[in-house]
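Student: Just passing along the structure, written as structure tokens.
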Amino acid sequence: MSKEMIRQVERLRKERDALDAVLEGLLAAGQGGKYALVVDGTVQAMFATEADAYEEGLRRFGLDAVFLVAQVAPAVVEPVSVSLELGLLYVSP
């Protein structure tokens, strides 16, 4: 992975962290199900569709910009069994 790709991935993580920081407030404000356009750690706008958010991101910030479009939804935590995932439950001693 190039340094530029690593930089972009790190920036997207920061954008996701910024969205996560305000997620509960957005849900409480009735924004659940909508799509957030996040740039520079700030939710710039909300949209009804992912396509609308993406198109507006391109219009405002251009093709070379790094921005996040994500649906506002509660986090889903799924328990994972490492033993099951690795097939260790079926290993004979």
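The values are calculated or read from the model by the stated rules, or taken from the named source; none is laboratory data. All of these numbers come straight from a predicted model, not from anything done at the bench. Note that we place each Cβ from the backbone using ideal geometry, even for glycine, and neighbour counts take in every protein chain shown.
Student: Out of all the residues in region 42-60, which are outside any helix (DSSP H, G or I) and either acidic (Asp, Glu) or surrounded by 14 or more Cβ atoms within 10 Å (Cβ to Cβ) (or both)?
Tutor: At the first step, the residues of region 42-60 found to be outside any helix (DSSP H, G or I) are 42-49.
Residues satisfying the conditions are Val43, Gln44, Ala45, Met46, Phe47.
Student: Another question about this same structure. If a residue has to be surrounded by 13 or more Cβ atoms within 10 Å (Cβ to Cβ) and either modelled with pLDDT under 95 or in a helix (DSSP H, G or I) (or both) to count, how many in region 9-35 make the cut?
Tutor: 11
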